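Worksheet: the structure to be examined is printed underneath.
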Amino acid sequence: MYRIVILYEEAPDSEGYADHVERFCQPPNGVFRHGRVTAAPVGDAHGYYAEFEFADKQAFDEFARSEQFMGAGRDVMERGWKLSSVEFVELS
């Protein structure tokens, strides 16, 4: 299983994020989830969490290289949302 994990410094505005999700976060061979981060064991929690999940490497690679994913990154920057990190994860 493969994931793209995105952590935001602050929660994006809900109306703008709904538009972002509709336009960019519908992977053809994967699943998208997102939600508020409720706490952290130490320090301040991130403001928001999002992830794309893929069952296999091919689906992950195709999406990670897609114009849809690149467009999502551009949209985040244009909206001024600050990301803490974007991570690519392989789960066993």
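A short reminder: the numbers here are calculations on the coordinates, not readings from a lab. If you're wondering where the values come from, they're calculated on a predicted model, not measured in any experiment. Positions of Cβ are generated from backbone atoms using ideal geometry, with glycine treated the same way; all protein chains shown enter the neighbour counts.
Determine ³J(HN,Hα), in whole Hz, for all residues of region 37-51 in sequence, where each value follows from phi through the Karplus function 6.51 cos²θ - 1.76 cosθ + 1.60 and θ = phi - 60°; x replaces Gly and Pro.
Values per residue, Gly and Pro as x: 7, 8, 5, 9, x, 9, x, 7, 6, 5, x, 7, 10, 9, 8 Hz.
With label points built 7 Å along Cα→Cβ from the Cα atoms of ALA64 and VAL42, find their separation and express it in nm.
So the two model labels end up 2.8 nm from each other.
Please give the Cα centre distance for region 52-92 versus region 1-32, rounded to the nearest Å.
9
Determine, for each peptide in 31-39, 65-73, the mean count of other beta carbons within 10 angstrom over its residues, then list the peptides with the highest first.
65-73, 31-39
Taking a quarter of the surface of the convex hull around the Cα atoms of the chain, what do you get in nm²? Mind showing how you got there, number by number?
Details: hull surface 24.4 nm².
With every direction weighted equally, the projected area is 6.1 nm².
Take ASN29, project a point 7 Å from its Cα along the Cβ direction, then tell me which residues of region 37-81 have their backbone nitrogen under 14 Å from it.
Flagged as within label range: 53-66.
For the chain, calculate the relative contact order in percent as a whole number, restricting contacts to Cα pairs under 8 Å that are 6 or more residues apart.
Working: 141 pairs, mean separation 45.7, N = 92.
Computed over the chain, the figure is 50 percent.
What is the sum of charges around SER84, taking Lys and Arg as +1, Asp and Glu as -1, for the other residues whose C-beta is under 12 Å from the C-beta of SER84? Present the calculation step by step, with values, prior to reporting the outcome.
Working: positive: LYS82; negative: GLU9, GLU10, ASP44, GLU87.
Local net charge: -3.
Within 10 Å, count the other beta carbons around each residue, average over each peptide in 77-87, 2-12, and list them highest first. If you can, show how the numbers build up before the last one.
On the way: 77-87: 12.2, 2-12: 17.5.
The packing order, highest mean first, is 2-12, 77-87.
Based on DSSP H runs of at least 4 residues, each adding -39500 (n - 2.57), what is the mean residue ellipticity at 222 nm of the chain after dividing by all its residues, to the nearest 500 deg cm²/dmol? Present the calculation step by step, with values, prior to reporting the outcome.
Values: 3 runs with 32 residues, N = 92.
The per-residue figure over the chain is -10500 deg cm²/dmol.
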